[in-house]
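A.B. asks: Sharing a structure here in structure tokens format.
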Amino acid sequence: MNFDREKFKTLVHYVIWKAGKRDWFGATKLNKVLWFSDTQAFALTGKPITGATYIREKYGPVPKAIMPVRSELQREGAIRVFREGKVGRTIATSAPDMLSFDFSEIAIVDWWIEHISSYHTAATISDKSHDYTWQIAEMGEEIPMVATFATRIREPTEDETRWGKDVAAKLGLS
């Protein structure tokens with residue numbers, strides 16, 4: 001899928017509209033909602049929601065277009081970016097037009113907004129995004145969406161090896 005900049009811009013606006021007023025919902029959580037929503041849609045349907053390019057950064061995958069799009073939304077007056085004490089805040093000043101999204105896309109995004117804002121700090125969701133997909137890219141490098149299907153194969157534990165040998169013996173394979 002090619003990058004749909006307008007759809008990405010609308011999605012950024014939507015996430016900020018839904019979650020921006022929540023305590024501790026800043027740039028890190030915004031980027032993770034976008035990442036996990038796009039990758040889950042890709043895993044379920046074979047295509048991401050926006051086709052955004054994600055880059056490996058220190059705190060996890062970041063959409064390459066996030067800063068220009070956020071600046072554009074701010075210039076248009078759709079969002080407001082400000083500091084509240086030591087915390088950077090971004091809130092929407094209007095609701096976005098979601099007509100270009102289907103129900104399943106909105107459901108995926110809503111689930112990630114709720115999950116990340118309710119159960120994670122910026123640090124814990126960053127840690128969750130530091131999976132094998134993130135690890136195999138170099139810092140600043142694009143993370144191909146298909147890499148989300150990559151897994152790391154580990155050596156079996158002693159218990160798993162013992163169990164495997166027991167099953168093989170019972171089946172007469174050893």
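A.B. asks: Would you kindly state how much longer the chain becomes between Glu6 and Ala107 on full extension, computed as 0.36 nm times their sequence separation minus their alpha carbon distance, in nm to one decimal? Intermediate values should be presented prior to the final figure.
C.D. replies: On the way: separation 101, 0.36 × 101 = 36.36 nm, distance 1.92 nm.
Extra length available between Glu6 and Ala107 comes to 34.4 nm.
A.B. asks: What is the extension gain from Lys165 to Tyr59, computed as 0.36 nm multiplied by their sequence separation minus the C-alpha to C-alpha distance, in nm to one decimal?
C.D. replies: 34.0 nm
A.B. asks: In addition: Expressed as a whole percentage, what fraction of the accessible surface of the chain belongs to carbon and sulfur atoms when a 1.4 Å probe is rolled over the protein heavy atoms?
C.D. replies: C and S atoms contribute 55 percent here.
A.B. asks: Something else now. Subtract the Cα-Cα distance of Glu114 and Trp24 from 0.36 nm times their separation in residues, and report this length gain in nm to one decimal.
C.D. replies: 31.1 nm
A.B. asks: I would also like to ask the following. Quick one: how many Å² of Thr121 are accessible to a 1.4 Å probe, rounded to 10?
C.D. replies: Thr121 exposes around 80 Å² with every protein chain in place.
A.B. asks: I would also like to ask the following. On the principal axes of its Cα set, how long, how wide and how thick is the chain? Give whole Å, largest value first.
C.D. replies: Result for the chain: principal-axis Cα extents of 71, 37, 29 Å.
A.B. asks: Considering only protein heavy atoms, what per residue accessible area in square angstrom results for segment 68-143 with a 1.4 angstrom probe?
C.D. replies: I get 59 Å² per residue for segment 68-143.
A.B. asks: Across the chain, how many lysine pairs separated by 8 or more positions, or lying on different chains, have Cα atoms within less than 14 Å?
C.D. replies: The number of close lysine pairs in the chain is 10.
A.B. asks: What accessible area, in Å² to the nearest ten, does a 1.4 Å probe give for Tyr59?
C.D. replies: 130 Å²
A.B. asks: Taking each pair of distinct Cα atoms in segment 100-172 once, what is the resulting Kirkwood hydrodynamic radius in Å?
C.D. replies: Hydrodynamic radius (Kirkwood, Cα pairs) of segment 100-172 is 16.3 Å.
A.B. asks: Here is a follow-up. Ordering Arg80, Arg22 by how much accessible area each has at a 1.4 Å probe, largest first, what is the list?
C.D. replies: Arg80, Arg22
A.B. asks: Shifting gears a bit: Ratio of Rg to Rh for segment 76-125, alpha carbon only, Kirkwood?
C.D. replies: Radius of gyration over Kirkwood radius for segment 76-125 works out to 1.04.
A.B. asks: So, one more: Using a simple charge model, +1 on the beta-carbon of Lys and Arg, -1 on the beta-carbon of Asp and Glu, nothing else, what dipole does the chain show about its Cα centre, in debye to the nearest 20?
C.D. replies: Roughly 520 debye, rounded to the nearest 20.
A.B. asks: Right, next: Which is farthest toward the positive dipole end of the chain among Gly20, Val81, Gly172, measuring Cα position about the Cα centre, with Cβ charges +1 (Lys, Arg) and -1 (Asp, Glu)?
C.D. replies: Val81
A.B. asks: Say each of Thr45 and Met98 gets a label point 7 Å from the Cα, pointing the same way as Cα to Cβ; how far apart are those two points in nm?
C.D. replies: Here the modelled spin labels are 1.4 nm apart.
The values are calculated or read from the model by the stated rules, or taken from the named source; none is laboratory data. In this text, all values refer to a predicted model and were calculated from it rather than measured experimentally. All Cβ positions, glycine included, derive from the backbone under ideal geometry; neighbour counts span all protein chains shown. Just the protein is used for accessible areas: all its heavy atoms, side chains included, with ligands, DNA and RNA removed. Shrake-Rupley method; radii C 1.70, N 1.55, O 1.52, S 1.80 Å.
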